[in-house]
1. When you check A178 against the structure, is it surrounded by 13 or more Cβ atoms within 10 Å (Cβ to Cβ) and more than 30 Å from G46 (Cβ to Cβ), yes or no?
2. Just to confirm my filter: which strands (runs of 3 or more DSSP E) fall fully inside segment 181-292 and include at least 1 residues that are modelled with pLDDT under 85?
3. When only residues in segment 124-142 that are surrounded by 16 or more Cβ atoms within 10 Å (Cβ to Cβ) and among the hydrophobic types (A, V, I, L, M, F, W, C) count, which is farthest from V198 (Cα to Cα)?
4. Restricting attention to segment 181-198, which residues are among the hydrophobic types (A, V, I, L, M, F, W, C), surrounded by 14 or more Cβ atoms within 10 Å (Cβ to Cβ) and more than 29 Å from the chain's Cα centre (by Cα)?
5. Exactly one condition in (1) surrounded by 15 or more Cβ atoms within 10 Å (Cβ to Cβ); (2) over 46 Å from the mean Cα position of the chain (by Cα) is false for N266; which is it?
6. Please work out which one of (1) at pLDDT below 80; (2) closer than 29 Å to S540 by Cβ is the condition S394 fails and give its number.
7. Would you mind telling me which numbered condition in (1) modelled with pLDDT of 90 or more; (2) under 20 Å from P113 (Cβ atoms); (3) not β-branched (V, I, T) Q59 fails?
8. Do you know which residues across segment 526-541 are modelled with pLDDT of 80 or more, within 20 Å of Y413 (Cβ to Cβ) and either assigned to a loop (DSSP other than H, G, I, E, B) or of a type in the set (D, E, K, R) (or both)?
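The values are calculated or read from the model by the stated rules, or taken from the named source; none is laboratory data. In this text, all values refer to a predicted model and were calculated from it rather than measured experimentally. Heads up, the Cβs are rebuilt from the backbone with ideal geometry, glycines too, and the neighbour counts pull from every protein chain shown.
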Amino acid sequence: MSIKKGLIIKLAALLPALLICTVVLTSVAFAQSVPLTVNGYVTVNGVAIAGVTVSSAGQTTTTASDGSYTLGLGLAMNSSATITATYLTYSASSSVTQSNQGMQTINLNIVTPPLTPVASFTANATSGFAPMTVKFTDTSTNSPTTWNWSFGDGNYSNQQNPTYTYSAVGTYTVSLNATNTFGSNTSTIVGYITVNPVIAPVASFTTSNGLTNGPVGFTATFLDTSSNSPTSWLWNFGDGNTSTQQNPTHTYSTLGTFDVSLKASNSAGSNTVTKTGYITITPGSSQHVPLVIKGTILFNGAPVSNANVTDSYGDSNTSDVGGNYGVDALANNGSVTVSGSYGIYSSGALSLSSAVSSAQWFIKEIINLVGPYENMFNLNPGWNLIAIPVDNSSLYESTIVNGPWGVDAMSRYNITTDAYTTYYSGAASWKDGPLSYKQGYFVHEGNPVGSVTFNLNGTYIHPYNATVNNNGWNMLGWTANSTISASDVLNETELGSYSGSMISVYNNSTQAFENYYIGDSQDPDFNLTFGEGFFVLSPSAAPVTQLYIG
């Protein structure tokens with residue numbers, strides 16, 4: 001076969017164009033992603049761990065039980081990606097480059113602090129009578145995966161939170177061995193559980209509301225107060241009726257005075273107590289109506305002890321540390337008045353009434369005494385971080401700065417702008433509303449002589465309820481009539497669950513801040529006291545929450 005000369009010349013002319021086209025197509029192909037499989041093993045402190053997250057270039061997988069993983073990527077030739085393995089808050093990384101090998105092996109080891117468990121536990125009771133059932137609770141740290149309990153009497157359990165019954169009298173040493181992949185740890189408490197022999201009861205009783213007399217139809221509610229854990233009861237109400245309940249009620253339908261007895265029993269024996277003439281039943285509506293008044297005394301909204309309570313029939317009492325009080329009265333014609341006093345402050349009379357035919361009264365009344373709050377602050381020269389404890393609509397920055405206390409500047413923090421705004425002596429008020437009792441404020445005391453007393457009057461607000469915004473600092477004021485620790489504040493606001501949460505207070509004497517982080521042993525816990533301002537740092541991951549103290 002022969003080829004014409006003209007055809008050869010034409011092919012030769014087309015050859016450069018064909019070569020150029022080939023080069024362009026080759027260039028486009030190499031710019032595209034090329035499949036690459038990356039596999040290997042992940043270890044934590046040298047130990048293969050399942051469930052570790054491995055990620056790169058938008059692809060994610062987790063390790064198998066032997067620590068192995070396989071990750072599929074698509075990379076352009078000669079381009080790189082970072083393979084990252086993450087365990088808890090720790091990670092390790094390595095770079096991989098696409099060289100058209102199709103598969104590469106990357107082994108990663110994540111280094112962490114020691115993660116061996118620290119064993120610890122508690123029990124819902126540590127002493128009692130045989131047989132004694134105890135619920136144990138594992139409180140170990142660093143995520144143990146297996147548990148081995150020894151109850152001290154030759155018995156064991158591998159449950160995390162076992163319940164165990166001691167049948168024999170004695171004192172028992174309890175130990176817990178907590179184990180995970182990185183090791184184990186044992187906690188032992190010597191003589192932790194004491195099981196006492198059963199002792200015969202000592203019978204005693206009262207009525208639940210203190211009432212032991214009334215008209216025909218009077219119902220008494222009896223309350224067993226026996227000691228040494230009785231297991232059965234036999235009541236005799238003195239009118240021919242009995243009960244085997246622990247705390248029975250009984251209605252008396254006839255006039256008279258009745259003896260009441262209680263026999264309390266357990267496996268060690270029994271004991272009987274009798275109260276002669278304990279219940280008295282009177283003719284009825286023509287008589288005084290028995291009345292029990294109980295309640296709480298509040299001074300400026302907070303419970304107060306040693307306050308006096310009196311009723312119009314001469315009965316009186318004083319409140320306990322929780323502000324609780326009780327008075328017994330005979331209400332003539334179904335009415336009585338009750339009043340309270342505390343120091344120089346007193347309440348108006350509470351007039352209580354009911355139908356004369358009532359068999360008994362049991363009324364709970366709150367007596368609220370209100371007095372001014374004075375002498376609240378000692379201001380040192382320089383800046384002082386305080387809280388305003390009262391609600392007073394006429395209380396502005398100018399009220400304090402231009403007042404008689406030597407304060408020459410006042411500053412508040414704006415969480416939105418992350419900046420302070422300061423009002424100085426002689427300037428006009430901000431005119432943006434009264435000061436808030438939930439807000440912390442810096443006041444500058446210009447008196448160089450020493451501390452001065454800062455007096456304010458107004459309505460004390462109780463309870464304390466303030467909003468803690470997320471993603472930044474909150475400057476708050478503690479005005480609850482109680483002391484609370486910084487750790488409790490974080491727990492009350494649920495911020496204790498979020499890394500980075502912090503409480504900061506300003507030491508007025510040293511003019512410096514003191515900080516507390518959850519879990520940071522280097523910064524000791526401290527208390528917030530009444531009238532003190534403080535900062536709360538809420539991480540962005542935390543929700544907007546409420547700090548509420550009743």
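1. No.
2. Once the strands (runs of 3 or more DSSP E) in segment 181-292 are filtered for at least 1 residues that are modelled with pLDDT under 85, what remains is 213-215, 269-282.
3. Among those residues, the one meeting the criterion is F136.
4. Result: F182, V195, V198.
5. (2)
6. The one condition S394 does not meet is (2).
7. (2)
8. E532, P539
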